[in-house]
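K.L.:
Dropping a structure here in structure tokens format, bear with me for questions.
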Amino acid sequence: MERAKNNLQLFDASSEVSNQEKTFLIHGIDKIPIYAENTSKYSLSFRYLGQRRHHKPDEPVRLLVKNNGESVELGPCRILSNTKLDGYGGRLVFMHDLYDFECLLGTNKILKLQTPFSDLPHVMARKDAIRPSFKEYTADLTYDLSVYKNLFDEMDLKYCEEPDEVRSAVQNAIIELEGPDFRRFFEDKLDKLKNLVDGFSQKEHQLHGFYFRKQLWNYILSCPFTARAALKPRGYAGDSELMRMVYLNDYQGDSTFSKITHKHAVEHTAAQSVRYRITLITQILHELKNFLPLPSPDKFKVLSVGCGPAFELKQILKSPQDCANYKFTLFDQDSAALSEAAEVASEIEKKLGATPAVEYVQGSVRLMLFSRKIKQKWGQFHFIYSMGLFDYLNSRVATAVLDRLYRLLKPGGELVVGNFHVSNSSKYYMQYWGDWVILHRTKKEFKDLFQNNSCGRVSVLFDDTGSQMFLHVKKPKMSV
Ligand SMILES: C[S@@+](CC[C@H](N)C(=O)[O-])C[C@H]1O[C@@H](n2cnc3c(N)ncnc32)[C@H](O)[C@@H]1O
């Protein structure tokens, strides 16, 4: 934290009260003014202001601070390394209640490290609402996975000293031999999960999902894919790194068990469907490009909304001529996703020796709805697609975004938007293992999102797995 490295104005920097009047050590009736010099998350180095000192380093003190206009006393604290050079007072650490200094300084919020413990009885009581059949299922699954994992781990230990080449040959042999059985075992468990939870209300899903992840946490973390989904390092599931895992569709992880569970996840129905959709996009795009006459040297303009890593560019841009023909606008809320998309574009450039024309725009579709000048800024597009985004948008927002995207289409242009169908057989795998909840829709619910009556043709396609739908809208050539 940059701010924490410098001399600090402690607390309520906006107020007129000077730092001198804001921070004190309290010891009995002594009130000793100090100056906060530096901080780590859970400690604070300080200098004395003026001549008064705390002379009994073994006796705890309290810290009086001004926070949002109010005096707050925190502590008790101990003073570490009480050297007295140049008025340096030492480093304060809390003894019981552990407050986060960085949070205090950054946001003026008083946050206690142990706060979650106060929630403990409530969290523990959550198990009382879990159905006995579900508890039994979870216990059996935990036991079976433990048996399986121990076996794989023991084998890994036996050949771990082998040279790299031998190790990976042995591991591949185990995966080939035992992988199919493990997959059947796992599929059977997922079927049972579906039978147990299919009729649950949303609230029951939340409760049982929470319980499930508490019980299965170690196994969830063993699998790189479910670990990333559940941990959500970027604050949401389904980030572009997770998408990359799906596209790579390989064995990842540092043990045989990890590799087998990861591969199982990235081969599951929803993942197949994600891979399928980039083929579909490429196909529709090429057909439209051949069909729409384009005066040279105009480029065929394409917009991807919620672009993620934009892996499909590898399928679309196969030659230097393709790079000359297309102009892509890639839109995503997540700057890391846009960076990954830029990496894909530079891989293409290296391979083809031609630079793809790509514009990267960071922003949220929700904000896009309020921006009146988008059409002036971006112009209109021949083709717009959005994959893996509408499953996160409620109907009101999804309808508004669809309408906005339709207006951004050139006459004769086409729009394709994906959404998982209620029958997605990976639904509970995602929800329970990965805490990855998306909005599944029926065909009618999905089609009803598009309410523009001036439109030419609207159809809903399904992929081969039947788990994902694609709304395909063709704008009439004569429209605006
Ligand atoms: C599941 S990923 C799909 C990525 C890519 N379209 C694909 O199919 O590989 C969803 C992407 O949508 C982006 N996203 C989610 N909500 C968004 C919003 N409100 N506005 C813009 N982008 C959003 C995420 O950052 C993420 O990169």
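The values are calculated or read from the model by the stated rules, or taken from the named source; none is laboratory data. Just so it is clear, the model here is predicted, and its values are computed rather than measured. Note that each Cβ is placed from the backbone with ideal geometry, even for glycine, and that neighbours are counted across all protein chains shown. Only protein heavy atoms, including side chains, enter the accessible area calculation; ligands, DNA and RNA are left aside. Shrake-Rupley method; radii C 1.70, N 1.55, O 1.52, S 1.80 Å.
K.L.:
If you take the beta carbon distance between Gln283 and Thr399 as r and set R0 to 30 Å, what does 1/(1 + (r/R0)^6) give as a FRET efficiency, to the nearest 0.05?
P.N.:
0.65
K.L.:
Which angle from 0 to 90°, rounded to the nearest 10, does the C-alpha axis of helix 335-352 make with the longest principal axis of the chain?
P.N.:
With both axes taken from Cα atoms, the answer is about 50 degrees.
K.L.:
Can you list, largest first and rounded to whole Å, the semi-axes you get for region 329-382 by taking the square root of 5 times each eigenvalue of its Cα gyration tensor?
P.N.:
Computed over region 329-382, the values are 25, 14, 6 Å.
K.L.:
State the percent of C-alpha pairs, over all pairs in region 367-480, separated by a distance greater than 17 angstrom.
P.N.:
56
K.L.:
Report the far tail of the P(r) of the chain, meaning the percent of Cα-Cα pairs longer than 43 Å.
P.N.:
Above the 43 Å cut-off, the chain has 38 percent of its Cα pairs.
K.L.:
Run the accessible area of region 336-398 with a 1.4 Å probe and give the carbon-and-sulfur part as a rounded percent.
P.N.:
Carbon and sulfur together cover 52 percent of it.
K.L.:
Apply the Debye scattering formula to region 33-118, with a single equal point scatterer on each alpha-carbon and no solvent, then give log10 I(q)/I(0) at q = 0.11, 0.12, 0.15, 0.21 Å⁻¹.
P.N.:
Results for region 33-118 at q = 0.11, 0.12, 0.15, 0.21 Å⁻¹ read -0.29, -0.35, -0.54, -1.05.
K.L.:
I need the Debye-formula profile for region 178-335: one equal scatterer per C-alpha, no solvent, reported as log10 I(q)/I(0) at q = 0.17 1/Å, two decimals.
P.N.:
-1.09
K.L.:
Could you give the dipole magnitude of the chain about its Cα centre, charging the beta-carbon of Lys and Arg +1 and that of Asp and Glu -1, in debye to the nearest 20?
P.N.:
2040
K.L.:
Return a whole-number percent for the relative contact order of the chain, with Cα pairs under 8 Å and 6 or more residues apart as the contact set.
P.N.:
10
K.L.:
Also, quick follow-up: Could you compute the FRET efficiency for Lys127 and Gln380, with r as their C-beta to C-beta distance and R0 at 45 Å, rounded to 0.05?
P.N.:
After rounding to 0.05, the efficiency reads 0.25.
K.L.:
For the chain, what does the accessible surface come to per residue with a 1.4 Å probe? Please give it in Å².
P.N.:
Accessible area per residue: 50 Å².
K.L.:
For Asp30, Asp391, what's the largest-to-smallest order of accessible area, 1.4 Å probe?
P.N.:
The ordering from most to least exposed comes out as Asp30, Asp391.
K.L.:
Kirkwood-based Rg over Rh for region 141-194 (C-alpha set), two decimals?
P.N.:
Rounded to two decimals, Rg/Rh equals 1.08.
K.L.:
Kindly express, to the nearest 10 degrees and within the range 0 to 90, the angle between helix 256-267's C-alpha long axis and the longest C-alpha principal axis of the chain.
P.N.:
Value to nearest ten degrees: 50.
K.L.:
Give me the distance in nm between label points sitting 7 Å out from Cα along the Cα-to-Cβ direction at Ala342 and Asn150, one decimal.
P.N.:
Label at Ala342, label at Asn150, 5.0 nm between them.
K.L.:
Taking amide hydrogens as modeled 1.01 Å from N in the peptide plane, which residues meet the under 5 Å criterion relative to Ser255, leaving out close sequence neighbours?
P.N.:
none
K.L.:
Here's another thing I want to ask about it. Quick one: of Lys318/Lys375; Lys301/Lys477; Lys318/Lys443, which pairs are farther than 27 Å apart, Cα to Cα?
P.N.:
Checking Cα-Cα distances, Lys318/Lys375; Lys318/Lys443 exceed 27 Å.
K.L.:
Please list, short to long, the whole-number percent of alpha-carbon pairs of region 301-442 in consecutive 10 angstrom bins beginning at zero.
P.N.:
Computed distribution, short to long bins: 11, 37, 34, 16, 2.
K.L.:
Pop out the ³J(HN,Hα) list for region 317-333 in order, Karplus 6.51 cos²θ - 1.76 cosθ + 1.60 with θ = phi - 60°, rounded to Hz; leave Gly and Pro as x.
P.N.:
Ordered by residue, 3J(HN,Hα) equals 9, 9, 8, x, 5, 4, 4, 6, 7, 10, 10, 9, 10, 10, 10, 7, 6 Hz.
K.L.:
Leaving out ligands, DNA and RNA, what percent of the accessible area of region 35-156 is carbon and sulfur, probe 1.4 Å?
P.N.:
On region 35-156, the fraction of accessible area on carbon and sulfur atoms equals 55 percent.
K.L.:
To the nearest 20 debye, what is the magnitude of the charge dipole of region 309-376 about its Cα centre, counting +1 on the Cβ of each Lys and Arg and -1 on the Cβ of each Asp and Glu?
P.N.:
Rounded to the nearest 20 debye, it is 360 debye.
K.L.:
Going by alpha carbons, how many degrees (0 to 90, nearest 10) lie between the helix axis of 202-222 and the longest principal axis of the chain?
P.N.:
80
K.L.:
Between Asp30 and Leu120, take the C-beta separation as r, use R0 = 30 Å, and let me know the FRET efficiency to the nearest 0.05.
P.N.:
Efficiency for this residue pair is about 0.25.
K.L.:
While we're here: Relative contact order (percent) for region 296-433, with alpha-carbon contacts under 8 angstrom and 6 or more residues of separation?
P.N.:
Once divided by the residue count of region 296-433, the mean separation gives 25 percent.
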